[in-house]
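Shown next, in structure tokens, is the structure this report addresses.
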Amino acid sequence: MPRYTVHVRGEWLAVPCLSSTNTVEWLGKEAVRRYMKNKPDNGGFASVEEVKFYIRRCKGLGLLDLDDTVGDALEDNEFVEVDGNSLTTEDLVNLGKGLYKIKLTPEAEVKVKQSREVIERIVKEQTVVYGITTGFGKFARTVIPNSNLRELQVNLVRSHSAGVGKPLTPERTRMLLALRINVLAKGYSGISLETLEQVIEVFNASCLPYIPEKGTVGASGDLAPLSHLALGLIGEGKMWSPKSGWADAKYVLEAHGLKPITLKPKEGLALINGTQMITSLGCEAVERAGAIARQADIIAALTLEVLKGTTRAFDTESHRFCDRVQDAYTMRCCPQVHGIVNDTIAFVKDIITTEINSATDNPMVFAEREETISGGNFHGEYPAKALDYLAIGVHELAAISERRIERLCNPSLSELPAFLVTEGGLNSGFMIAHCTAAALVSENKALCHPSSVDSLSTSAATEDHVSMGGWAARKALRVIEHVEQVLAIELLAACQGIEFLRPLRTTTPLEKVYDLVRSVVRPWIKDRFMAPDIEAAHRLLVEQKASAGFWLVRRIV
């Protein structure tokens, strides 16, 4: 029986389909009916028949004709093919959100089988190869008997699961798991097809191991977080799924009809060696950076309008018909400052895209040459340096935004009421919102210190130079979140400034942005609890609403 996964108001519902001749409209109504059934107030709907909805493909967001049959329109709709070579940063973020499932291409299956044959021959012939028939790190010269090779891999996973801190969110854990699958699919890791298919089943069931965010030094790969990932796969430690919540991994797997993985020689090492923690978080960072950079242009334009700045600075015939010769740099130099940020994001995205489609194991298995090679692809220096650069670049969006907020709030610069509120003194308006922006910018200055300039020798001086890329990725994400929050404050302040300029109107696209903000935050007439307003504006930016055609569209299905 075919089953389709349908996204309704932020929730995923599995809908069995008895016949492929059922229409897309039927599928939508059945999904909404199931959604209503799970809600105490029917999700706000009176009846299924009264619901007006659109249905789109998960991948590509193509709008579907309600009269088409599901068999014609939705075959393989819920999957994204993975081959280890063509994953994009956007794909990985969407996999993290649970928008798609994974399956291997036939070509990937062949490569995985071929590399596994090399490993099995090494074991059979009792050849001495690092990590397969020897210990790890300082114990690389210790040869392990064949009878203990499976125990060797389990011990590796258990001992290396030594991370600390809060667990990664479900979205970030999905990204990490999906990216490890992508690397394994390249066929250089020596994992068996059977084990890789089990890992994919775990991902598709959204069974997510407990992975502490701290503990990687970024070489030899992200050993600690990837070991926690593997620990859950073998049925140990904690695991989470939407169905079970947090529980012992073996029980979560059992609840989904899955069995813990039994590691074969080399498979523990194949699961834990690589830069996937750095690069999965890096994918989220670069995608969020691109989104906020696009919206920063719009917000800056809105502020320019409110402050009655000149647009002639952006014209080849600057100031020809303008009585305002020069604006402050925070307005006049936006193209130059925002421009280099966009170039930085593009540069980093190129590096991260290469990294997520690269084999980062050690040793590498080359089936066509029937040999293994111990190298250094696990070293995270490339993504670490790139993500440090990303943080430095994107920070400038907040630095220049905070100065524009100052100009909006300062009556001597804005010609607007002080702190954008009437009855100043009785009301403080945006006074402390600006302080919050300043605090975030100051934090970012410390966070922008590159982590990749540091290195500490580990593993008894065997791993004597490391990248610290895990901290580079986490730091970049924190910087980007601060940038989003500062720009959210500027967006609120600019919209508040518009209130004092009515009945004047700005351009049609910017009025759409104003309407978008006013759909979630009302004008500031007198002082009120401001934090929820900032959070609402921040949510608009995270969801990329300010750049989505300048209007808010609610998609029900």
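The values are calculated or read from the model by the stated rules, or taken from the named source; none is laboratory data. Worth saying up front: this structure is predicted, and the values here are computed from it rather than measured. When we count neighbours, we look across all protein chains shown, and the Cβ atoms used for this are built from the backbone with ideal geometry, even at glycine. Remember, those area values only see protein heavy atoms, side chains included, never the ligands or the DNA or RNA. Shrake-Rupley method; radii C 1.70, N 1.55, O 1.52, S 1.80 Å.
Going by accessible area, probe 1.4 Å, with all protein chains left in place, what is the ranking of Thr506, Thr311, Thr279, largest first? Write down the numbers at each step before the final one.
Numbers: Thr506 30, Thr311 80, Thr279 0 Å².
Output order, biggest surface exposure first: Thr311, Thr506, Thr279.
Quick one: angle between helix 193-204 and the longest Cα principal axis of the chain, in degrees between 0 and 90, rounded to 10, please. Relative to the chain, helix 193-204 is tipped by roughly 30 degrees. To the nearest 10, the accessible area of Asp248 is 60 Å² with a 1.4 Å probe. When you count the other C-beta atoms within 10 angstrom of each residue and take the mean per peptide, 281-291, 41-51, 426-436 line up highest first as 281-291, 426-436, 41-51.
The heavy atoms of Tyr251 offer some 120 square angstrom of accessible surface to a 1.4 angstrom probe.
Using the Cα centre as the reference, give the magnitude of the dipole from point charges on the C-beta atoms of the chain (Lys, Arg: +1; Asp, Glu: -1; all else neutral), rounded to the nearest 20 debye.
Once rounded to the nearest 20, the dipole reads 960 debye.
Which order do Ile525, Ile191 take by accessible area at a 1.4 Å probe, largest first?
Working: Ile525 120, Ile191 0 Å².
Descending accessible area places them as Ile525, Ile191.
The packing ranking of peptides 498-505, 539-546, highest mean first, is 539-546, 498-505, where packing means the average number of other beta carbon atoms within 10 angstrom of each residue. Net charge of the neighbourhood of Val123, taken over other residues with C-beta under 13 Å away and scored Lys/Arg +1, Asp/Glu -1, is +2. Ignoring ligands, DNA and RNA, what percent of the accessible area of the chain is carbon or sulfur (1.4 Å)? The computed percentage sits at 52.
For a quick check of your reading of the filter: which GluC sites (Glu not before Pro) in the range 336-379 sit in a DSSP loop and have no more than 11 other Cβ atoms within 10 Å? Provide the component values of the computation, followed by the final result.
Values: sites: Glu355, Glu368, Glu370, Glu371; in loops: Glu370.
Here no GluC sites (Glu not before Pro) fit, given the DSSP loop and packing criteria.
Enter the mean projected area of the convex hull around the alpha-carbon atoms of the range 369-475, in nm², rounded to one decimal.
On the way: hull surface 42.5 nm².
Answer in nm², one decimal: 10.6.
Once both axes come from the Cα atoms, what is the angle between helix 223-233 and the longest principal axis of the chain, in degrees from 0 to 90, rounded to 10? Roughly 70 degrees between the two axes.
Taking only Cα atoms of the range 100-147, what ratio of Rg to Rh do you get with Rh as the Kirkwood inverse-distance radius? Don't skip to the end; give the middle numbers.
Working: Rg = 14.8 Å, Rh = 12.6 Å.
The Rg/Rh ratio comes out at 1.17.
Across the range 119-127, rounded Karplus estimates of 3J(HN,Hα) from the backbone phi angles (6.51 cos²θ - 1.76 cosθ + 1.60, θ = phi - 60°) give 5, 5, 5, 4, 5, 5, 8, 6, 6 Hz, Gly and Pro being marked x.
Rg/Rh for the chain stands at 1.03; both radii use Cα atoms, and Rh follows the Kirkwood definition. Looking at the chain, the accessible area is 45 square angstrom per residue; that uses a 1.4 Å probe and ignores ligands, DNA and RNA. Under a 5 Å amide H cut-off, with hydrogens placed 1.01 Å from N, Val466 pairs with Leu456 among residues at least 5 apart or on other chains.
Within the shell of other residues whose beta carbon sits under 11 angstrom from the beta carbon of Thr21, the net charge comes to -2, with Lys and Arg scored +1 and Asp and Glu -1.
So which trypsin sites (Lys or Arg not before Pro) in the range 439-480 pass both tests, a DSSP loop state and at most 15 other Cβ atoms within 10 Å of the Cβ?
Values: sites: Lys445, Arg474, Lys475, Arg478; in loops: none.
Taking the range 439-480 and a limit of 15 other Cβ atoms within 10 Å, no loop trypsin sites (Lys or Arg not before Pro) are found.
Per-residue packing, averaged as other Cβ atoms within 10 Å, sorts the ranges 198-205, 490-497, 335-342 into the order 490-497, 198-205, 335-342, beginning with the highest. Put simply, the amide H of Val8, placed in the peptide plane, has neighbours under 5 Å in Leu13, leaving out anything fewer than 5 places away on its chain.
Once the convex hull of the C-alpha atoms of the range 81-273 is built, how many Å³ does it hold per residue, rounded to a whole number? Before the final figure, lay out the partial values.
On the way: hull volume 21.0 nm³, N = 193.
Here the figure is 109 Å³ per residue.
Working from Cα positions, state the angle (0 to 90°, nearest 10) between the long axis of helix 469-499 and the longest principal axis of the chain. With both axes taken from Cα atoms, the answer is about 20 degrees.
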